[in-house]
Amino acid sequence: MSQGNKQQRVARLRAQEAIAERRRAEARKRKRLVIAGSAVAAIVLIALTAVIVKVATEGPKKSGAAATAASNDVVAKVTGVPAATLDKIGKGSITSTPKAITGQPVLTADGKPLVVYMGAEYCPFCAAERWAMVVALSRFGTFSNLGQTASSPNDTFPNTPTLTFHGSTYTSKYLSFQGVEMQSNEIEGNAYKTLDTPTAQQQELINKFDAPPYVDKNSSGSIPFIDFANQAMVSGSSYSPQLFAGKTQQQVADALQDPNSDIAKAVGGAANAFTAQLCKLTNNQPADVCSSAAAQAYSGQS
């Protein structure tokens with residue numbers, strides 16, 4: 001191995017460990033905010049750490065700007081990343097892929113495999129991961145009323161530009177999708193404003209799969225949490241939100257069109273990993289998507 005390649009490998013490993021440590025720190029911070037109660041209540045509250053968030057002991061200092069409707073150009077570019085671009089990206093540059101869940105029946109809604117995303121608008125890791133979710137799901141269906149916002153100005157990776165699923169709808173003949181944004185980035189009292197309250201089923205999913213043995217105990221309860229029909233799951237982000245520092249939503253959308261950009265390599269790589277997982281759920285439909293080089297890049301993984 002050349003010295004240059006060795007240095008790159010060391011740098012990648014250090015970056016992956018830094019992201020993992022940030023996730024563990026975020027999970028520990030959320031756990032410290034859990035209010036003690038009965039044994040049953042404690043279990044529920046631990047899983048709800050992202051739902052009832054107060055930001056450290058000093059409380060949030062600055063409120064984020066309210067979400068607005070995403071611009072037509074941003075939506076068009078993010079939901080329509082060219083297939084050739086995603087094919088060229090292939091595996092891209094991501095630090096994790098969906099983790100397989102075994103021994104569970106396929107979770108469905110309206111007769112189709114159900115994908116559940118649970119996050120919050122204040123969360124920088126959610127902000128990063130949404131880009132890949134929208135890119136991937138748009139290959140199987142259509143979003144309406146996507147919003148745009150940014151993560152909290154008080155959190156790590158402040159003001160990460162992103163989209164939001166709050167108030168949006170998704171239509172597909174292959175999949176069902178539920179996007180749950182549990183809080184906004186706006187402050188109400190000493191906490192982030194509540195947006196979408198998880199249903200009993202959604203809460204059960206995060207209680208069960210966003211905890212050991214599916215994730216490390218120090219990362220239990222991390223968001224974003226994504227459940228691919230109980231066949232695979234994601235806890236945390238697939239790449240660092242640092243990629244989006246100082247960017248606008250428009251700049252991110254523009255970068256996704258260039259397969260050589262760092263943003264496209266990360267977002268597109270994660271989108272391709274998600275696409276491979278979604279193709280398992282849809283019996284490889286649509287055929288042109290699931291037979292593509294993009295989907296095949298991660299075929300057989302997770």
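Which distance in Å, rounded to a whole number, links the C-alpha centroids of the range 242-292 and the range 207-221? Cα centres, the range 242-292 to the range 207-221: 26 Å.
Indicate the gyration tensor shape class of the range 144-289 (rounded, prolate or oblate), computed on the Cα atoms with a ≥ b ≥ c the square roots of the eigenvalues: a/c under 1.5 is rounded; otherwise a/b larger than b/c is prolate and the rest oblate. Because its axes are fairly even, with a/c under 1.5, the range 144-289 counts as rounded.
Greater than 20 Å separation of Cα atoms is the criterion. Which listed pairs, LYS88/LYS265; LYS91/LYS280; LYS112/LYS280; LYS99/LYS208; LYS208/LYS280; LYS99/LYS217, meet it? Table pairs above 20 Å Cα-Cα are LYS208/LYS280.
Taking 15 Å as the cut-off, the amide N atoms of the range 257-288 that come nearer than this to a point 7 Å along the Cα-to-beta-carbon line of ALA84 belong to 257-260. In whole angstrom, the range 124-216 maps to an equivalent ellipsoid with semi-axes of 22, 19, 14, each derived as √(5λ) from the alpha carbon gyration tensor and ordered largest first. At a Förster radius of 25 Å, what calculated FRET efficiency corresponds to the Cβ-Cβ distance of ASN190 and THR156, to the nearest 0.05? The computed FRET efficiency comes out at 0.85.
The calculated P(r) of the range 246-302, using every Cα pair and 10 Å bins from 0, goes 25, 43, 26, 7 in percent. Put a dot 7 Å past the Cα of GLN251, heading toward its Cβ, do the same for SER144, and the two dots end up 3.3 nm apart. Once the Cβ-Cβ distance of ASN283 and LYS91 is raised to the sixth power relative to R0 = 30 Å, the FRET efficiency obtained is 0.80. Projecting label points 7 angstrom from Cα along Cα→Cβ for THR197 and GLN104 puts them 2.4 nm apart.
If R0 is taken as 45 Å, the Cβ-Cβ distance between GLU204 and SER71 corresponds to a FRET efficiency of 0.80.
Report relative contact order for the range 203-253 in percent, whole number only (criteria: Cα-Cα under 8 Å, sequence separation at least 6). Answer for the range 203-253 is 23 percent.
None of the figures in this text is laboratory data; all of them are computed from the coordinates on show. Computed from a predicted model, the values in this text were never measured in an experiment. Because the Cβ atoms are built from the backbone with ideal geometry, glycine has one as well, and the counts that use them run over all protein chains shown.
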